[in-house]
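Colleague: Below is the structure I would like to discuss, written out as structure tokens.
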Amino acid sequence: MLNFFLSTFVPALGVVLTAALLIYGVYYRWVDVPQKWLLTREALVALIVVAGLCDVWLGVRAYLSHTEKQTWQDSAAVRASRERFVLPQDFQYGELLIPAGSLINRTDPFDRGEPHRPLALHGLDAVRFSQPVEVAGVLATALQVVPMRVELADNQRIGPVHRYDTATQTWVPNKVMPTLQCRKGQIALFQVPHIPYDLQAEVGKPPPDGPDARFAPSQWLFRGCENGPVTVQAAYNAAQATATP
């Protein structure tokens, strides 16, 4: 109710009173009729004061809105630079050691564009490694997190292959085809088991990061291969972003 009063009613009242006073001024100055109706001095002063206060509040709200919008736009570049960037140093993310120079794509809903925040990879979407890295038993050049897809660095025979058993509603080893020969550049598909955690304790907080991140390739189940590659967006370039209309 208070928000409606300050954000809508007061500014609207200021606009209406200002318009009414302008019309009254024209009426007072140029309209000449018998028994002309006029406001008392006290009422006119009161209306002018109320209109003035409302108009001042309207100006303050417009200024604050513009400042907030400008701050958000200024912070957008900072957020983008932390969503798509080249990793400056080796980083342990759960079980995976990501080498420096790797291209990172991530989404962080907790990032408000603060100028100085520690390096973090929670919200990881995709990564293209600066050198081949072993992930879940395969040699990889890139990976995508959702769904979990790993781009292969060379020709590899991968196993065990898992299939979904509708009877038990679980993933089980495929005894008919225990391994698959996959080619360089293809995508290895994995089923990622859920890692239990205290959801209530993390409400409103970023998920664990660094070595504590819930990222455990040793638990992934290989499902098969398909043609690639994994798509990883280029690092954010402030100069190019500024030049883009």
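The values are calculated or read from the model by the stated rules, or taken from the named source; none is laboratory data. Everything quoted here is computed from the prediction, not taken from an experiment. A quick note on method: Cβ atoms are made from the backbone with ideal geometry, for glycine too, and the neighbour counts reach across all protein chains shown. Remember, those area values only see protein heavy atoms, side chains included, never the ligands or the DNA or RNA. Shrake-Rupley method; radii C 1.70, N 1.55, O 1.52, S 1.80 Å.
Colleague: List the lysines whose Cα sits under 26 Å from the Cα of Lys184, skipping any in the same chain fewer than 8 residues away.
Modeller: Within reach: Lys175.
Colleague: Also: Please work out how much accessible surface Glu95 shows to a 1.4 Å probe, ignoring ligands, DNA and RNA, in Å² rounded to 10.
Modeller: Glu95 has an accessible surface of roughly 100 Å² with all protein chains in place.
Colleague: For Lys205, which lysines qualify as cross-link partners when the Cα separation must be under 25 Å and same-chain residues fewer than eight apart are set aside?
Modeller: Qualifying lysines at Cα under 25 Å: Lys69.
Colleague: Just to confirm a number: summing +1 for Lys and Arg and -1 for Asp and Glu over residues other than Leu103 whose beta-carbon lies under 10 angstrom from that of Leu103, what do you get?
Modeller: +2
Colleague: If R0 is 51 Å, what FRET efficiency do you get for Val60 and Ser130 from their C-beta distance, rounded to 0.05?
Modeller: 0.50
Colleague: Something else about it: Short version: ³J(HN,Hα) in whole Hz for each residue of segment 33-38, in order, from phi by Karplus 6.51 cos²θ - 1.76 cosθ + 1.60 (θ = phi - 60°), x for Gly and Pro, what are they?
Modeller: Rounded to whole hertz, the list is 9, x, 6, 4, 7, 9.
Colleague: Express in nm, to one decimal, how much length is gained between Leu119 and Ser81 on full extension, taking 0.36 nm for each residue of separation and deducting their alpha carbon distance.
Modeller: That pair, Leu119 and Ser81, stretches by 12.5 nm at full extension.
Colleague: If each of Asp108 and Gln169 carries a label point 7 Å out from its Cα toward its Cβ, how far apart are those two points in nm?
Modeller: Spacing of the two 7 Å Cα→Cβ label points: 3.8 nm.
Colleague: For a quick check: with amide H placed at 1.01 Å from N, whose amide H comes under 5 Å from Arg163's, ignoring anything fewer than 5 positions away on the same chain?
Modeller: Correct list: Val172, Asn174.
Colleague: Using mean Cβ contacts within 10 Å as the protection proxy, how do 77-89, 187-199, 18-30 order, highest first?
Modeller: 77-89, 187-199, 18-30
Colleague: Which far-off residues, 5 or more places away or on another chain, put their amide H under 5 Å from the one on Phe91, with H placed in the peptide plane?
Modeller: Residues meeting the criterion, in which the H sits 1.01 Å from N, are Ile98, Ala100.
Colleague: In the chain, what percent of the accessible surface is made up of carbon and sulfur (1.4 Å probe, ligands and nucleic acids excluded)?
Modeller: 61 percent
Colleague: Name the cysteines of the chain that stand alone by the Cβ rule: no other cysteine Cβ under 4.7 angstrom.
Modeller: If one checks each Cβ against the other cysteines of the chain, Cys54 turn up with nothing under 4.7 Å.
Colleague: Report ³J(HN,Hα) in whole Hz for each residue of segment 81-91, in order, from the Karplus equation J = 6.51 cos²θ - 1.76 cosθ + 1.60 where θ = phi - 60°; Gly and Pro get x.
Modeller: Ordered by residue, 3J(HN,Hα) equals 5, 9, 9, 9, 8, 8, 4, x, 8, 4, 9 Hz.
Colleague: Stretched out fully, how many nm does the piece from Gln233 to Val145 gain, at 0.36 nm a residue minus the Cα gap?
Modeller: 30.3 nm
Colleague: Which FRET efficiency, nearest 0.05, do Val203 and Asn3 yield, Cβ-Cβ r, R0 30 Å?
Modeller: 0.75
Colleague: Quick check: with the 1.4 Å probe, what order do Met177, Met148 take by accessible area, largest first?
Modeller: Met177, Met148
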